[in-house]
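Trainee: Structure provided below as structure tokens; questions to follow.
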Amino acid sequence: MNFSNLSQADYLKQAQYLKQAQYLKIVWPIVITAALLGFFMAWGVLSGDAQGRVNLSYLLLIYLFIPIAAVVVSVAGLFSSKGLNLARLMTAIPWGNWAQSPIAHKIRQLKIEKQWFFYQAQMAAIGFSVASLLALIVTLLVTDVNFIWRSTLLSAEDLYPVLKVIALPWGFWESAQPSLALLQATQDSRLQSIYPGQDYANWWQFVVAVQLFYCIFIRCILLIVAKLWFVSSLSDDLESKLFTQIQQHASYQESAVDLTPLVHQLPENIMVNNWGDIELSRLAEIPELTLSLDTMINAGPAASAAQKRVAERWQGQQLVITRSWEPPMGELADYIENGEGFIFPLDWNPQRICPIKQNHLTEWQRFVAQFSKWQLFLPESLLPESVLAESYSTEPSSKESG
């Protein structure tokens, strides 16, 4: 990634973003372990008995009660000192010596273990849920699934209100709603057999809806919350604050010592060197410039050999106009080494001349500071918004050598 065109503030933001991205990487062994667990648990239940009957109560255990219980444990664990969740439990498994890894050491050092594990737990739970949903879809595609339910204590009338409450979040999905008639039709007894006339497959949309909402949707919401919490905690840690202070201090010292001041006025009829090969119509928009054939030369990279010979014969002061966003190159340094005058970095868009960006201005100030006979010219109207013109105001005068 190229940081050369970033301002100080943008650089700090980019560095902080990269730091966050390092910790927010998915720990795939955790996610894959959870996914395998979800897939084989679902597949085991969906396999059913010898007649292909799948107990709806067992499916609700895997697709509803276990995920809801895991959410409750995960959220409640946040109130403990370390936090209890699926991701933390899985790191206890001796794979890859995770506890000794650099990232494990770093999150312990920054005291953000609880936030990190909570974030990874949501990724693991989503992996579990997606894999179990995949097992259901595969089973529906390749086999004839007969959903039934059994209970010694509960009747269809007892169970129906519970299922209606469970299905409230997807009330708009009519075919995924439970019905008392369907409950009565699919209640099974070990003493009876499945009758061909009954449609035992009608529960599949309800089961899919349960997974989509209680397993995946809720976990996606918690994932967003976990990420925001983790990023907020990471931004507040001491290392980040020290990093910002060090960068700001370095920027202050650089500005105070190594940067040349700006001038806002030019000598009359100064020779203009169009180094950046900028359109004359654009230069004419700058009131501080006096343009004519007698007061213009071009020694830049785009100039012809004849133009460069004319420029090299000029012995007086000159105003070298460059493109502000192009960094100073060795060719420009070689050219101005034996001359004197002003450097004018210019910025524009298709509509108008623009104020120079602060990071570009700093780079040109640092460059011009190396040459005692050169000054940096910038009209007050083109100063960056963050810079007060008064803090840079000086009268144009030749720098003293040595």
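Bear in mind these aren't lab numbers, they're just calculated from the coordinates by the rules spelled out. Note that this is a predicted model, so its numbers are computed, not measured. Don't worry about glycine lacking a Cβ; one is built from the backbone with ideal geometry, like all the others, and counts go over all protein chains shown.
Trainee: Charges at C-beta only: +1 for Lys and Arg, -1 for Asp and Glu. How large is the resulting dipole of the stretch 263-391 about its Cα centre, in Debye rounded to 20? Intermediate values should be presented prior to the final figure.
Mentor: Details: 9 positive and 17 negative charges, 43 e Å.
Charge dipole, the stretch 263-391, about its Cα centre: 200 debye, nearest 20.
Trainee: List residues of the stretch 110-133, by number, whose backbone nitrogen lies under 13 Å from a label position 7 Å along Cα→C-beta of Leu24.
Mentor: 119-120
Trainee: Another question, then. Just to check I understand the Karplus step: with θ = phi - 60° and J = 6.51 cos²θ - 1.76 cosθ + 1.60, what whole-Hz values come out for the stretch 272-283, glycine and proline as x?
Mentor: With the stated coefficients, the stretch 272-283 comes to 9, 9, 7, 4, x, 6, 8, 4, 5, 4, 6, 5 Hz.
Trainee: Let me ask you something else. Under a plain spin-label model, where a point goes 7 Å from the Cα along Cα-to-Cβ, how far apart in nm are Leu280 and Ile224?
Mentor: 5.9
Trainee: Also, quick follow-up: Can you pull the one-decimal nm distance between simple spin-label points at Thr295 and Asn269, each 7 Å off the Cα toward Cβ?
Mentor: Between Thr295 and Asn269, the label points sit 0.9 nm apart.
Trainee: OK, next. Of the options Ala369, Ile356, Gly339, report the single residue whose Cα projects farthest towards the positive end of the charge dipole of the stretch 330-373 (beta-carbon charges: Lys, Arg +1; Asp, Glu -1).
Mentor: Ile356
Trainee: For the stretch 263-391, taking Cα atoms only, what is the radius of gyration to one decimal and the Dmax to the nearest whole Å?
Mentor: Cα radius of gyration and Dmax of the stretch 263-391 are 13.8, 42 Å respectively.
Trainee: Could you give the length gained on full extension between Asn55 and Trp314, defined as 0.36 nm per residue of separation minus the Cα-Cα distance, in nm? Mind showing how you got there, number by number?
Mentor: Values: separation 259, 0.36 × 259 = 93.24 nm, distance 9.48 nm.
Using 0.36 nm per residue and subtracting the Cα-Cα distance, I get 83.8 nm.
Trainee: Please sort 202-212, 124-134 by packing, taking for each peptide the average over its residues of neighbouring beta carbons within 10 angstrom, highest first. Present the calculation step by step, with values, prior to reporting the outcome.
Mentor: Working: 202-212: 19.6, 124-134: 23.4.
Packing proxy ranking, top to bottom: 124-134, 202-212.
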